[in-house]
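Trainee: Sharing a structure here in structure tokens format.
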Amino acid sequence: MSNVNQKIAPDDLVISMQGVSKWFGAFQALNDINLSVKQGERIVICGPSGSGKSTLIRCLNRLEAHQKGKILIGGIEMHQKMKNIDKVRQDIGMVFQHFNLYPHMTVLENCMAGPNWVRGVSKSDAKDRAMAMLERVKIPEQADKYPSQLSGGQQQRVAIARSLCMQPKVMLFDEPTSALDPEMVAEVLETMVELAESGMTMICVTHEMGFARKVGDLVVFMDEGQIVERNNPTDFFENPQSDRTKLFLSQILSH
Amino acid sequence: MYADNVIGDKLIHKPKFILGLLAVAFLAFFTFNLAGTMFGEFLRPVIGEPKESGLYGRSAVALVLAVLFVGNLFLISFANIKVQVAIVWIELLLLFLAFFYSFNLKFSFIQSKIGFMITQGLFTTLYISAVSIAIASLIAIVGAVAKLSNNGFAYGIASFYTSLFRGLPLLMQVFLIYMGLPQIGYVIDAVPAGIIALSLCYGAYMTEIFRAGIQSVPRGQWEASRSQGFKFGLTMRRIILPQAIPLIIPPTGNQFIAMLKDSSLVSVIGVWELMFLARTLGQKEFRQMEMLITAAFIYWGMTMVLEVIQSRIEKHYRKKGQQ
């Protein structure tokens, strides 16, 4: 796959956010966010609903626009007048809470579309790649079905495979298990753990603390648009610093 | 509609309801004095000369009709629903035919003209409508995208266009285009003028249909597509429109059926389509009614065929959507 456009420089620092703020009208969703992500790093972002964690991750591929500060992806600044947004987005995989598979296309077509349409990969190569990725998320036998015929967990794994087919430099997960039935959470997390262990750079917004503990290099806790606390998983869970974090952890871990 | 699983007694089997319905039917038939019509003619043995039968004749006709009507309802109520529908259709059709028959039509005249009405009139009507709906669909896609865009210029043009062409009667648009364009030095034939008028008018209505269809595709589809690096055009063509089209097709089918009949308005500028022939073919021999009725049946038949086709297409997309 040497013909793939490598728009993001193989720099050590994949993502850098410097003093990023964002407002929805008068409501401040992000307040002076500073965060850097290195190649191969796994970041878990957690926090109460409305704390701005989804907004943060959506700013990274500019599904949302920030109004202040600087976001650099592989050295390219994300701003309003950038010309190469589509090239940059091709290198950033995103997995959504509600999967957002293309319902009119089969699982295989969902996975082939990106490489074939915008990466310049031939149909047969795209198909081989799609099958390999479906193999990786353990549902190659569903390739010819339509998304609506799959369970939620299977759909989310297809969504992950679809992103992987683009061979992204970084993967963003926006609450990937929040819309799933409890018994399907495990299969998606398993896929994500496998991905993390393969060395993929990942930023995950999730409340799955077991996942954070297992694969996270850094846990970031947000509240009211600010990063309240950041630490390695062990210290974050065993020895939280701020009262807000302690309260949050006691609430989600007490059940 | 929601049909409950508990079935009560049929209303029509209750004596009180039957009597009430009889009274209402009697009053209705009595109000429109029907003694002077063919119904009165049928009852001549009972009421004598219909025109001189007075109140007696009027009530007798009304009573007979009311009994026939209610008795018919009562009998039909014992059949299953499919048979009921079939009987009602046949009865109404027979009444309709009897209505036409009473015009004292000359069928040989119809026979001599119907070939031309179909090869010239029906063909032109279908051809104008098909071309117009195709152009209108293109206009509608562009208009819908413009109306949904953030571009003030595009939105301005699109909203002015839909406002104007939805705001003027189609007949006026036909005149304005056919007689207005030559004023600025552009002489246009009747057929293209008709097609332009129909396309622009229906394009304006369909812009709103397409806009609603595109808007009903969830936002997440846009986000997934854009986050994969698909450009706007690619997203629209391969992701959004394929999902919007199954929603757009049923109302577009309705528009096409409506257009088929509104295409009769271009007869005013002399296009030889079905309506024009219906008005002109019978003129010389004072046989207008024959031609109008023939055209009416051709329009109706065409519409029924299209409705069947439309429901097939809808079914096809519904199946696809369930995959």
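The values are calculated or read from the model by the stated rules, or taken from the named source; none is laboratory data. Because the structure is predicted, anything quoted here is derived from the model rather than measured. All Cβ positions, glycine included, derive from the backbone under ideal geometry; neighbour counts span all protein chains shown. The area values use the complete protein model at the heavy-atom level, side chains included, leaving out ligands, DNA and RNA. Shrake-Rupley method; radii C 1.70, N 1.55, O 1.52, S 1.80 Å.
Per-residue answers, yes or no, for (1) farther than 19 Å from A:GLU187 by Cα; (2) buried (at least 18 other Cβ atoms within 10 Å of the Cβ); (3) within 12 Å of chain B (Cβ to nearest Cβ):
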residue	(1), (2), (3)
A:HIS104	yes, yes, yes
A:GLY114	yes, yes, yes
A:ASP125	yes, no, no
A:ILE139	no, yes, no
A:GLN142	no, yes, no
A:GLN149	no, no, yes
A:GLN154	no, yes, no
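Trainee: For B:ARG237, state whether it is charged (D, E, K, R), open to solvent by 40 Å² or more (accessible area, probe 1.4 Å) and over 29 Å from the mean Cα position of the chain (by Cα).
Mentor: yes
Trainee: Ok, one more. Those residues that are open to solvent by 50 Å² or more (accessible area, probe 1.4 Å) and farther than 21 Å from B:ASN104 by Cβ, I need them from segment B:281-311; list them, please. Can you show your working first?
Mentor: Keep residues of segment B:281-311 that are open to solvent by 50 Å² or more (accessible area, probe 1.4 Å), which gives B:283-289, B:292, B:297, B:300, B:304-305, B:307-309, B:311.
Hits for segment B:281-311 are B:TRP300, B:MET304, B:VAL305, B:GLU307, B:VAL308, B:ILE309, B:SER311.
Trainee: Here are the criteria: (1) surrounded by fewer than 22 Cβ atoms within 10 Å (Cβ to Cβ); (2) within 15 Å of the chain's Cα centre (by Cα); (3) assigned to a loop (DSSP other than H, G, I, E, B). Tell me which single one A:VAL37 does not satisfy.
Mentor: The failed condition is (3).
Trainee: Among the residues of segment B:99-110, is any more than 20 Å from B:TRP300 (Cα to Cα) and of a type in the set (D, E, K, R)?
Mentor: Yes, there is a match, as at least one residue in segment B:99-110 is more than 20 Å from B:TRP300 (Cα to Cα) and of a type in the set (D, E, K, R).
Trainee: Being of a type in the set (Gly, Ala, Ser), closer than 30 Å to B:MET236 by Cβ and surrounded by fewer than 21 Cβ atoms within 10 Å (Cβ to Cβ) is the filter here; which residues of segment B:179-220 pass it?
Mentor: B:ALA212, B:SER216, B:GLY220
Trainee: Still on this structure, please answer the following. Just checking, how many residues over segment A:180-230 are out of contact with any strand residue (DSSP E or B) (no Cβ under 6 Å at 6 or more places or on another chain) and without any contact (Cβ under 8 Å) to a residue 60 or more places away in the chain?
Mentor: Of the residues in that region, 22 qualify.
Trainee: What pairs can you find where one residue is in segment A:81-92 and more than 7 Å from chain B (Cβ to nearest Cβ), the other is outside any loop (DSSP other than H, G, I, E, B) and open to solvent by 30 Å² or more (accessible area, probe 1.4 Å), and their Cβ atoms are less than 6 Å apart, with a gap of 6+ or different chains?
Mentor: Qualifying pairs under 6 Å: A:VAL88/A:ILE76.
Trainee: What are the residues in segment B:312-323 that are surrounded by 13 or more Cβ atoms within 10 Å (Cβ to Cβ) and modelled with pLDDT of 85 or more, if any?
Mentor: B:ILE313
Trainee: Given the criteria aliphatic (A, V, I, L, M) and either under 27 Å from A:ARG244 (Cα atoms) or out of contact with any Lys or Arg (no Cβ under 9 Å at 6 or more places or on another chain) (or both), does A:VAL20 qualify?
Mentor: In short, yes.
Trainee: Got a sec? Which of A:ILE139, A:ILE76, A:ILE85 is modelled with pLDDT under 95, in contact with a helix residue (DSSP H, G or I) (Cβ under 6 Å, 6 or more places away or on another chain), closer than 18 Å to A:LEU63 by Cα and of a type outside the set (D, E, K, R)?
Mentor: Answer to the selection: A:ILE76.
Trainee: What number of residues within segment B:224-235 satisfy the criterion of being out of contact with any helix residue (DSSP H, G or I) (no Cβ under 7 Å at 6 or more places or on another chain) and either more than 7 Å from chain A (Cβ to nearest Cβ) or among the hydroxyl-bearing types (Ser, Thr, Tyr) (or both)?
Mentor: 2
Trainee: Could you tell me whether any residue of segment A:80-87 is open to solvent by 30 Å² or more (accessible area, probe 1.4 Å), within 16 Å of B:SER227 (Cβ to Cβ), basic (Lys, Arg) and not in a loop (DSSP other than H, G, I, E, B)?
Mentor: yes
Trainee: Failed condition for A:GLN67, given (1) of a type outside the set (Gly, Ala, Ser); (2) open to solvent by 20 Å² or more (accessible area, probe 1.4 Å); (3) facing chain B (nearest Cβ under 10 Å), with all others met?
Mentor: (3)
Trainee: Which residue is nearest to A:VAL88 (Cα to Cα), if the candidates are limited to segment A:164-175 and must be facing another protein chain (nearest Cβ under 10 Å) and open to solvent by 10 Å² or more (accessible area, probe 1.4 Å)?
Mentor: A:PRO168
Trainee: Which fully enclosed helices (runs of 4 or more DSSP H) of segment A:106-214 have 3 or more residues being of a type in the set (Val, Ile, Thr), touching a Lys or Arg at 6+ places or on another chain (Cβ under 7 Å) and on the phi < 0 side of the Ramachandran plot?
Mentor: A:182-197
Trainee: Next up: Of the residues B:PHE96, B:PHE17, which single one is more than 30 Å from B:ALA296 (Cα to Cα) and of a type outside the set (S, T, N, Q)?
Mentor: Exactly one residue qualifies, and that residue is B:PHE17.
Trainee: Cβ-Cβ distance below 9 Å, separation of 6 or more or different chains: which pairs start in segment B:180-205 with a residue that is in contact (Cβ under 8 Å) with a residue 12 or more places away in the chain and end on one that is assigned to a loop (DSSP other than H, G, I, E, B) and among the aliphatic types (A, V, I, L, M)?
Mentor: What qualifies is B:LEU181/B:VAL187; B:LEU181/B:ILE188; B:ALA190/B:VAL271; B:VAL191/B:VAL271; B:ALA193/B:VAL271; B:GLY194/B:VAL271; B:ILE196/B:ILE188; B:CYS201/B:LEU168.
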